[in-house]
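The block underneath contains the structure these notes are about, expressed in structure tokens.
Computed from the coordinates by the stated procedures, all read-outs in this text should not be read as laboratory data. Remember, predicted model here, so these are calculated numbers, not experimental data. Cβ coordinates were reconstructed from backbone atoms using ideal geometry, including for glycine residues, and neighbour counts include every protein chain displayed.
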Amino acid sequence: MRLLEDDAAARLGEARRKSGFDRAALSAVYGPDAAAAAGRGDYRALLAACGDDPFDVWARLFTVGTAVPERAAAAALAPLGLDEALGCGLLVRSADGVAAGWGLHFAGEAVVFSDQRPNTTGARSRDHVLGVGGASELLLDATLRTEARTALDLGTGCGVQALALAGHAETVTGTDLSERALAFAALNARVNGVELELLRGDLLEPVAGRRFDLVVANPPFVVGTPGEGWTYRDGGREADGVAAELAAASTDLLNPGGTMQFLANWLHVRGESWSERLAGWFPASEASVWAVEREVLDPLDYVRTWQRDSGESGEAAQAAAWLDRFDELEVEGIGFGMVNVRRTEGPSEVRCEEARHAVETPWADRVAERFAVLGADLSPETLWNSRLRLAEGVALQQAAALGEEGWEVERQWLRQRDGMRYAEEIEPLLVAFLGACDGTAPVRLQVQLLAETYGAETAMLYAQLHQVVRRLVERGFLEPV
Ligand SMILES: C[S@@+](CC[C@H](N)C(=O)[O-])C[C@H]1O[C@@H](n2cnc3c(N)ncnc32)[C@H](O)[C@@H]1O
């Protein structure tokens, strides 16, 4: 299936370049306030400023979502013919001329077309091809942008991740079950002048036996929708099987040292910790994993969210069946987050964390920091001889109540100003330990001094401290020097 022949897609790309229409220009031409307001769905300033020149026509069609006269559209899209634009669905006729039949999104330097038209709500077709949404943006932001020989985008959709990968990988492969999605990906590759290998098939099947340096996936992760489903969100697996399948295949998909990053939903099942559930999906060896849970929805909120997303909010019977299924599975909540896997040597190590707050972006920096410590030897013996420093931007906060002898500290936290912006409650003993973490003395000396001060036995004290010190290193509060 093709939406436009290669030559016509290249002419569409040329028309867009000639018009100068991109995210930065939108702000430069209409002013940052008008562009920001449009981003929130308030198009008054843009509507007032838009005339009939090609840039304005692109903005009216693809940002505001209003119709334009045929002649203006023909001039703005040349050298693509108006008949070609109407023939492929890029434009549709309307009472006031022609309007956008596809959506256009910006992603870094690239522009991507998809079925997601501007300013539209309502039911989506079963094979709807998504544009660039919040999940796409999260994965774009989290992807490690290091040079790679081979990269794979599983469930490529309109190709937005694959196009970004092409900026730092020699060859990029995109896969999808949907023919229409692959047609958009091919068109977008042409429009942006990028080469992609595009393969059709179910999840891992099109790349069976192949390995990559970098794999990304914003897969159809929605859990347990009964019935036929929407290709863009339902992977056709039982419960959170899509995530489980990707996790299980991760090391086989990667070259040694390679990285896989994917978004997922996972179940919170009564009596089971979500992190143990996740950890159980990975191979026993060669996987170094950092999974971050960004949010948890209760089943009802989850069902409502996804019903709204596909435009089926009114379907009470469908919601009931969906909720019944969650009850059968004893689901208490559905987590959403990001899973980062590196193929290493030795036994697998899976770290799962909750981070519901705003972290310092780009996420890719957080992922790189975490992989750096995941690979480090933080055994009791190694930490014993290392020197640790409190990371920059870490502060101690205390809550105190007025007692008989003045302020009495009741609770204390370490808080990071930057990076993951974690806060962690700590014990008084640790406060004393951390106060001396300036990178000059080895941990063993610090622990010995503490043991003397508290009249404790050094080995016992270290046994007590090691786990928490290790955790503070892993979470970036402490840095080995
Ligand atoms: C959430 S969209 C992600 C699109 C794009 N990669 C992004 O980041 O915005 C998921 C994609 O997975 C595709 N898909 C659905 N089921 C699939 C399956 N069983 N195997 C492969 N791809 C599938 C859908 O067609 C859709 O394009």
* To do: Per DSSP H run of n ≥ 4, the term is -39500 (n - 2.57); total these for the chain, divide by its residue number, and report the mean residue ellipticity at 222 nm rounded to 500 deg cm²/dmol.
  => -11000 deg cm²/dmol
* By how many degrees, 0 to 90 and rounded to 10, does the Cα axis of helix 363-374 deviate from the longest principal axis of the chain? -> 40 degrees
* Could you tell me how many degrees, from 0 to 90 and to the nearest 10, lie between the Cα long axis of helix 458-474 and the main elongation axis, the longest principal axis, of the Cα atoms of the chain? => 10 degrees
* **Unit charges on C-beta of K, R, D, E only; dipole of the range 218-310, Debye** => 140 debye
* What order do you get for 86-92, 426-432, 407-413 when each peptide is scored by the mean count of other beta carbon atoms within 10 Å, highest first? -> 86-92, 426-432, 407-413
* Dipole magnitude of the chain about its Cα centre (Cβ charges: Lys, Arg +1; Asp, Glu -1), debye to nearest 20 -> 1080 debye
* Taking the mean number of other Cβ atoms within 10 Å as a proxy for protection, how do you rank 173-183, 356-366, 272-282 from highest to lowest? -> 173-183, 272-282, 356-366
